[in-house]
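Structure record follows, encoded as structure tokens.
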Amino acid sequence: MKKVKFLATAIFATVLFVSCSSDDDTPEPVNEEEVITTLTVTLIPNGGGTPITLQTRDLDGDGPNAPVVTSGNLATGVTYNGSIVLLNETVNPPENITEEVEEESEEHQFFYTIGSGLDVTTMYTNLDRDGNNLGTQFTLTAGAASSGTLTFTLRHEPTKPNTGLGDAGGETDIAATFNVTVQ
Amino acid sequence: MRTYVLFVLLLSSIPSISQTCENTLSGTVKDLHDGSLLAGATLIVAGSKQAVQTDLDGHFTISNLCNDTYSIQVSHPYCLSKGFTVKISGNTTMTFKLEHHLEELNQITVEGKAYSNKSKTILENTISKEELERFSSGTLGDALNSLSGVSSLNTGNTVVKPLINGLHSSRVVIINNGVRMEDQEWGAEHAPNVDINSAGNLTLIKGAGALQYSGDAVGGVIVAEASKVPVKDSLYGKTLFTAASNGRGSSLTSQLTKSYQSGWYATVQGTLKRFGDFEAPDYVLSNTGIFERNASLHVGLNRFNYGIEAYYSLFKNEIGILRASHLGGAQDQIRAINSSRPLIINDFTYQINTPKQDIAHHLARIKGFKRFDGFGKVSLQYDFQRNNRLEFDIRRGADRDNASLDLQLDTHTLILDLDSNLTDAISLKTGLMASYQNNFANPNTGVRRLIPDYEKYDLAVYAIADYQLNDNFLVEAGGRFDYTYMDTFKFYRTSFWKSRNYDELFPEIVVEELNNQILTNPQLNFYNASATLGATYAFGENYKLFFNYSIASRAPNPSELFSEGLHHSASRIELGDLRFNSEIGHKISLTFQRENENFSFSVSPFINTIKDFMVIEPTEIQQTVRGNFQVWEYRQTDAQLLGVDFDASYAFSKNFRFNHQFSLVKGYDRSREEPLINMPPINTKNEIVYQNPEFKNLRLALQSEYVFRQNEYPDNNFEVFIPETETMETVDLSTPPDAYHLLNLNSSIDFQVTQKSTLTVGFEITNLLNTSYRNYLNRLRYYADDLGRNFLLNLKLNY
């Protein structure tokens, strides 16, 4: 009786196992769509000239590789028209995240933080649907020769309107710092 | 003719000589379930005036019986009476077995244990039905928290994970109605998917000694069992309603049982719980609501020698996670930690928005048993579990309402157990277990899989024997072997794969190389042996000494092996390690216990030495376009935990009682000689209870809970550049919060509504003084205070 029961169990267990060993299909990969790998700030001098590009690019997203940062030098007294483009280059073709940010403009805002040594000023030139600052486009005026950090911060769901990062709240989607020289 | 008659008479006198009716029937009366001897059982010989009672050892002797067949009725206060037919021929010895079922109906208190011991040489802590009912609107973790040596690792106040002697998650095994819970329990923010109202009894075993359940419970085992159903014609039930001021919600649970003399029974039970945002003393904890819906059904047949039971339960829970805890990078962490109030406080609402968890757990079980005389009890169980876990983050664009994590975990288990008494003194439990598990991570989330798709096969065999040397001394020994095979499909980021040198270590597991990911097929085997050895010694009237040494081996869980990416709710990057082997814990525990009506206590020191302990801790800061994140990497080390739990209860007078609890645990990483993270601080609970059974069972209790500051912790702080101030600032993740003291008031009174139904009205205030505090073991302590004062009204109707 005991033997029979053990045997029955063993057979049951085997059947269970065999029947559950499913197909050998490999799972499909997930290409994350929300990842921002690349932030590019393009500064076009007002009177014409070579555009300046500030870029931070991290092709493995949250992976171990650090972003590659390229910076540029500004000319004293020049005002630049700035625009910011966000890309997700983990997918092919790369996805433009700026479009999403602009579609949900009320929930986003870029902030420009100028380091103490650097003599530049910035001004928002585009607004969200409620008439508050959005900041994917801006103007930047370089003052006297100087150098320091220039940081671009994108906040998701900030308090709007606000007076700056201090009272904006929300979550940081991007924080990119560049070392910039005005010469 | 005369000689003939004489001869006949002579012949007939032969049987009449043996018909002198001087035979005795002697023997014992035993409990059918565990073979324990029943004292005070009455035996009545039908058709005569003879009635005897068993003595303290369960022995009886009935004299002056003839060589005949008798009907004997055996009865016992806690058993169903049963008739036996006995054929007497000379002096006869018999053993009668009775079903020693316990009355649990209408609060008749009985002596003895309603639930059998799970381990005989580790002191078990139990939470009775009455105590559980006080936590009806809370969670399983809340109830367990009331025991000494148990704390909880919380994410807010609704995700409560039990922490036994400093260990949690995969190291704590939860057995729900005989089924090992497989509910993604590896996650520190994954609460057990058990409805506290479906349990009639909770048992806690602080160690791996209960090998019949598992061999990998390095921390301990929690066993939740349904109330036993008596074998008699009956219909009964209860309904509990709780309304609470904090969270402005309520919970309703109801249970109805129908049982028959024939052994058939059915129980149906359901719970509905709904709370809005909870509140700290000074603000609303936005998005912390909960919506829980559970149901369970038992149907079974319970006979003396065989039985079968089918069980199904559904647990559904939607839990809001504090909105202010969802952060971007390290800069946000600084802002959140430096702010004394949560960064996001909205008006109270019942609505649960993102971030949130949405979980459904199905559990189905069928179990049968049969007792074979002289062999033992054989039980066979099959269970199936399906766990669906959805976690929602704050997302952008089209993915806004899409879950970030969508896991389906199916588990099939088959268990064959044999309980037998080899001799009167030796009992043996043996069994086999086979299980199959399949985890499916839905790729439609658009987020890389936190846990990969895998199939897992487990096979186990165990044996535990105990030997009652004499009335005072019992020894127990057991062993278990588990084999685990995991077949996994995992996508690695190419950059991670290379940075870890996996491309050189494991080139053979690569299936396919994609653009920036690599598909691999790790096939892992784990062989785990575990063992237990213990003794119990009873002396004097009231004293008992328990000693237990157990070895537990735990295979790494999927998170420890495969984590690789940003964990949003913790705002950190978590990395597992494919090279891990099993961790092995050696726990020695000792308990000195005094059990007495007036004064009882227990002191339980322990030491747990764990080789290859898997621990996650920060290693570096990683820069991404999103900002800086701390990287937490799993590594294996040698850990040691030691501590003591102390319980005492003293009755001042008939109605007044003082209860005391004290727990201390210290945990160290022995290879780095530094404290382990998340060790519970020293805490003590003191309670004065007034209970008057003569006056409507009035109960008033005032409880004080003091939690010391944790002074031993690893320093995991790191620095990050803040552009606004152009300074490096420290992200203080390590410093534990201050000590705190809470007062709770609990009262209840019974009203007899009708002959058969009792209404219990309870009123409770937790955090009576509305103290603002933060708990070191709450993962959201950086962002918000813990709960403020809460008024609860409990209504319970037994019918």
Scan around residue A:169 for amide H atoms under 5 Å from its own, H built in the peptide plane at 1.01 Å from N, and keep only partners 5 or more places away or cross-chain. A:159
So which of B:367/B:456; B:82/B:129; B:161/B:587; B:161/B:685 end up more than 27 Å apart by C-alpha? B:82/B:129
Please get the size of the charge dipole for chain B, origin at its Cα centre, with Cβ charges of +1 on Lys and Arg and -1 on Asp and Glu, quoted in debye to the nearest 20. 2200
Along the charge dipole of region B:221-798, which of B:372, B:562, B:408 sits closest to the positive end, that is, farthest toward it, with unit charges on the beta carbon of Lys, Arg, Asp and Glu (+1, +1, -1, -1)? B:372
Considering only DSSP beta bridges whose two residues both sit in the protein assembly as shown, what percent are antiparallel, to the nearest 5? 95
For region B:599-654, listing trypsin sites (Lys or Arg not before Pro) in a DSSP loop whose Cβ sees at most 13 other Cβ atoms within 10 Å gives B:654
What are the GluC sites (Glu not before Pro) within region B:544-651 that DSSP puts in a loop, where the Cβ has at most 14 other Cβ atoms within 10 Å? B:595, B:597
Per-residue Cβ contact counts at 10 Å, fewest first, order A:155, B:134, B:293, B:554 as B:293, B:134, A:155, B:554
To the nearest 20 debye, what charge dipole does the protein assembly as shown have about its Cα centre, counting +1 at the Cβ of each Lys and Arg and -1 at the Cβ of each Asp and Glu? 4660
Taking the Cα centre of each part, how many Å lie between region B:550-615 and region B:763-799? 27
Please turn the phi angles of region B:731-742 into ³J(HN,Hα) values with the Karplus equation 6.51 cos²θ - 1.76 cosθ + 1.60 (θ = phi - 60°), one per residue in order, whole Hz, x for glycine and proline. 8, 8, 9, 9, 4, x, x, 5, 5, 8, 10, 10
Per-residue Cβ contact counts at 10 Å, fewest first, order A:156, B:76 as A:156, B:76
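For the residues B:323, B:781, what sequence is obtained by ranking on other C-beta atoms within 10 Å, fewest first?
If I rank by nearby Cβ atoms, fewest first, I get B:781, B:323.
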What 222 nm value per residue comes from the helices of chain A, counting each DSSP H run with n ≥ 4 as -39,500 (n - 2.57) and dividing by all residues, nearest 500 deg cm²/dmol? -5000 deg cm²/dmol
For region B:432-461 and region B:183-253, write down the distance between their C-alpha centroids in whole Å. 25
Antiparallel bridges, percent of DSSP beta bridges restricted to chain A (to nearest 5): 95
Share of antiparallel DSSP beta bridges in chain B, in percent to the nearest 5? 95
Rounded to whole Hz and in sequence order, give me ³J(HN,Hα) for region B:665-670 from the Karplus expression 6.51 cos²θ - 1.76 cosθ + 1.60, θ = phi - 60°, writing x for Gly and Pro. 9, 10, x, 10, 8, 6
Compute the separation of the alpha-carbon centres of region B:65-98 and region A:79-104 and state it in Å as a whole number. 89
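Highest first, please rank the peptides B:724-737, B:443-456 by the mean number of other Cβ atoms sitting within 10 Å of their residues.
The densest-packed peptide leads the list: B:443-456, B:724-737.
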Over 21 Å between Cα atoms: which of B:206/B:238; B:120/B:238; B:49/B:87 fall into that group? B:206/B:238; B:120/B:238
Enumerate the calculated ³J(HN,Hα) couplings along region A:148-159 in order (Karplus 6.51 cos²θ - 1.76 cosθ + 1.60, θ = phi - 60°), each rounded to whole Hz, writing x wherever the residue is Gly or Pro. x, 9, 10, 10, 10, 10, 10, 10, 9, 6, x, 6
In debye to the nearest 20, how big a dipole does region B:116-220 give about its Cα centre with +1 on each Lys and Arg Cβ and -1 on each Asp and Glu Cβ? 320
Cut-off under 13 Å on the C-alpha distance; same-chain residues fewer than 8 positions from residue B:666 excluded. Which aspartates and glutamates are left, in chain and number order? B:645, B:674, B:712
Hey, in chain B, which Cys have no second cysteine's beta-carbon closer than 4.7 Å? B:79
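Coordinate-derived values only; no laboratory data. Source: prediction; values computed, not measured. Glycine gets a Cβ as well: all are built from the backbone with ideal geometry, and neighbour counts include every protein chain shown.
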